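These notes are about the structure you will find just below.
The values are calculated or read from the model by the stated rules, or taken from the named source; none is laboratory data. A quick note: this is a predicted structure, and the numbers were derived from the prediction, not measured. FYI the Cβ positions are ideal-geometry reconstructions off the backbone, even for glycines, and counts take in every protein chain you see. Ligands, DNA and RNA are stripped out before the accessible areas are found, and what is left, the full protein with its side chains, is counted by its heavy atoms. Shrake-Rupley method; radii C 1.70, N 1.55, O 1.52, S 1.80 Å.
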Amino acid sequence: MNKTLSLIATGLLLSTSIALAAEPDDNNLSAGTTGTEDVQAEAPAPADGYSKWRIGSYGEMLATFKDYGLNRFYGASAGNTKRNHNEISIPRFILEGEYKITPKWILGAEIEFESGGTGTTYEIESQSGSENGEYETEVEKGGEVALEQFHITRLIIPEFNVRVGHMIIPVGLTNSHHEPLNFFTAARPEGATTLMASTWHETGIEFFGEFGSGLASFDYEAMITSGLNPNGFDVYHWIKKGKQGFLETDNFSAPAYTVRLNWTGVPGLRVGASLLYNPNAGKNADKLMTYSELGKINVLLYSFDAQYINKYVTARANYFSGNISETVGITAANRRYSSKSPYSRMGPVAKRAVDWSVEAGVNLKAFFPSVKGFPVVYPFAHYNYYNPQEECETGLVADKRCQVSMWSFGLNWRPIPALVVKADFTTRQIGTNKIFGTSDYNSENEFRIGVAYQLWFAKK
C-alpha cells in the first residue's frame, strides 16, 4: 500500500510539473511574447501590492540573561544548576523574493542565515554490504546558509492553484506564521521550536486555494513532500531532528501528506487545523537495513490554532500533538548510531509528545487615541506547556526533566509598523504540567531583549 502511495505521489509531482510547464497561458501571453515579458505592465497594481517583483527580508537580534546552567540533563538530579550566564545572538536573517514571470506564473525563494549555525556537512557512502553506509564529516567555518523556500507557483483560479518546489510545512501556528511580528515573545514560542524544526521546510507539490464567502470563508493547503527520517527522533526534541536535509538528497521512498484548513469567516479571526501523516517512515532512514526490520513506522501529527486581532487586543492559541509507532524499536536502533550519526540522540523516543500555548497582548495606544505621540506598546502574557516525552511505550521510562511549564511576561514596542522591540521575563517550571505551582526541580529564569523587523523593501 505504501509503495503504491509513493508511486502515486511521485507520479503526481512529475506529471503536474510537466503539465504546468507545457500549458500555455492564453490569457496572459499575447502574440510575439516569450512568456517572460509582463504583458500587463500598464494594468493597476494587484491586491498583493506588486505587479512584477518584490524583494523583502525579516530578521531578529536577541540578548538573553539567564540564572541557570547550560544543561538541565547533566549532573544534579535537581535539574539545572544555578549559574548566571548571558548570551547574545542573531537567531535569523532572511532574504526573500518573488518574481512574476507572468501574472499567473510566480517564482519565489527565501534564503535563511541562522544563528551562525553550523558549518558541518555530511555525506553517506554506499549502503551496500555489511557496513550499511559510512558517514563522512567535513567541518567548515561557522555559519549556515539554508534554502528555506524555492518554488514555482501556477495561479489557476482562486479555489485551486499549484505550487512545486521547496516549501514550508504548515503544521502548527509557529510554522505557518513564523515571521517575528506574528508572536509576542522575544524568541519564537519554545514548545513549537523544541518539538519541530522551525521553520520546517520540505520539497514536493502543493495544492492551495480559498473558497466561500462571508461566514463560510475558508482557505486550504494540501501537500505531498519528502517525509521524516526516524533515525533523528530523540528524547529531547521528539521528531525535530527527523527532518531530512543533512545528506545531499532527501529520501522520497515514504512521502508525507499534509493538509491545513483555515476558517476566516469573522473579521480579525482565523481558526486553523492541520494534519501530517507519514506512513512507513522507516523507508526514509539513511540506515535502511536497520530500520526496515522494525515494521511500519507511522507518524501522525495534528494541530489546532487560532488568532484574533482587533485594534485593542491580539490573542493567539495553539495545540500540537501526535503519535509515532514502533518507538521501542526506534529507540534501540538510534542508540546503535548515537556516536556517529548526524541525526541520532539517546532515547527513549516517546510515542506521543504535546505542545500547547496561549498568548494575549493589549494595544495601549488604542485606549488613548487623543494623546499625541503615545507609543504603540503591547504588554503581553504568554503561557506554554510542552513535553517531548508526554507518553512512552511500556518498557521506556520518560525523563520528567523534559516536561516544561513556562510563563513569559513582557512588552512589545512598535516604533514603526515594520519594526518591533521586545522585552520579556520568562520562568520555566521543570517536571510539572501545572500552570502555577512548584516542582522538585530547579526553575529556570531569564530576561530577554529582542529587536525584529519584517518588510518588503523593494518592489515593482
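Restricting the range 161-185 to residues that are of a type in the set (Gly, Ala, Ser) and open to solvent by 10 Å² or more (accessible area, probe 1.4 Å) leaves a set whose member that is nearest to TRP407 (Cα to Cα) is SER176.
Per-residue answers, yes or no, for (1) in a strand (DSSP E or B); (2) closer than 19 Å to THR193 by Cβ; (3) open to solvent by 20 Å² or more (accessible area, probe 1.4 Å):
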site: LYS283; (1), (2), (3): no, no, yes
site: GLN307; (1), (2), (3): yes, yes, yes
site: ALA315; (1), (2), (3): yes, no, yes
site: ALA350; (1), (2), (3): no, yes, no
site: VAL354; (1), (2), (3): yes, yes, no
site: SER357; (1), (2), (3): yes, yes, no
site: ALA360; (1), (2), (3): yes, no, yes
site: PRO369; (1), (2), (3): no, no, yes
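Can you tell me which residues in the range 71-86 are in a strand (DSSP E or B) and open to solvent by 80 Å² or more (accessible area, probe 1.4 Å)? The one that is in a strand (DSSP E or B) and open to solvent by 80 Å² or more (accessible area, probe 1.4 Å): ASN86. Candidates in the range 131-156 are the residues that are under 19 Å from SER176 (Cα atoms) and either polar (S, T, N, Q) or modelled with pLDDT under 55 (or both); of these, the one that is surrounded by the most Cβ atoms within 10 Å (Cβ to Cβ) is THR153. Looking across the range 289-298 at every residue that is surrounded by fewer than 23 Cβ atoms within 10 Å (Cβ to Cβ) and within 26 Å of the chain's Cα centre (by Cα), the one that is modelled with the highest pLDDT is identified as ASN298.
When residues in the range 169-194 are screened for being over 10 Å from the mean Cα position of the chain (by Cα), under 14 Å from LYS243 (Cα atoms) and of a type outside the set (Val, Ile, Thr), 0 of them pass. If you go through the range 247-256 one residue at a time, do you hit one that is free of Cβ contacts under 8 Å to residues at least 12 places away in the same chain, open to solvent by 10 Å² or more (accessible area, probe 1.4 Å) and farther than 18 Å from THR290 by Cβ? Scanning the range 247-256 turns up at least one residue that is free of Cβ contacts under 8 Å to residues at least 12 places away in the same chain, open to solvent by 10 Å² or more (accessible area, probe 1.4 Å) and farther than 18 Å from THR290 by Cβ. For first residues located in the range 142-165 and closer than 10 Å to LEU107 by Cα, partners that are surrounded by 18 or more Cβ atoms within 10 Å (Cβ to Cβ) and basic (Lys, Arg) and lie 6+ apart or on another chain with Cβ distances below 6 Å form the pairs HIS151/ARG163; THR153/ARG163.
For the range 433-460, residues that are open to solvent by 50 Å² or more (accessible area, probe 1.4 Å) and outside any strand (DSSP E or B) total 9. Tell me, yes or no, whether the range 381-388 has at least one residue that is closer than 29 Å to TYR58 by Cβ and over 23 Å from the mean Cα position of the chain (by Cα). Checking the range 381-388: not a single residue is closer than 29 Å to TYR58 by Cβ and over 23 Å from the mean Cα position of the chain (by Cα). Entry remark, the range 246-270: residues being over 16 Å from PHE304 (Cβ atoms) and not polar (S, T, N, Q) number 13 in total.
Among the residues of the range 399-428, which ones are among the aromatic types (Phe, Trp, Tyr) and more than 30 Å from ALA353 (Cβ to Cβ)? Across the range 399-428, the qualifying residue is only TRP413. Residues that are over 30 Å from SER57 (Cα atoms) and in a loop (DSSP other than H, G, I, E, B) within the range 394-432 comprise THR394, GLY395, LEU396, VAL397, ALA398, ASP399, GLN403, GLY431, THR432, listed in sequence order. Residues that are within 15 Å of the chain's Cα centre (by Cα) and open to solvent by 10 Å² or more (accessible area, probe 1.4 Å) within the range 201-220 comprise HIS201, THR203, listed in sequence order.
Residues of the range 352-369 that are of a type outside the set (A, V, I, L, M), free of Cβ contacts under 8 Å to residues at least 60 places away in the same chain and within 22 Å of GLU393 (Cα to Cα): ARG352 alone.
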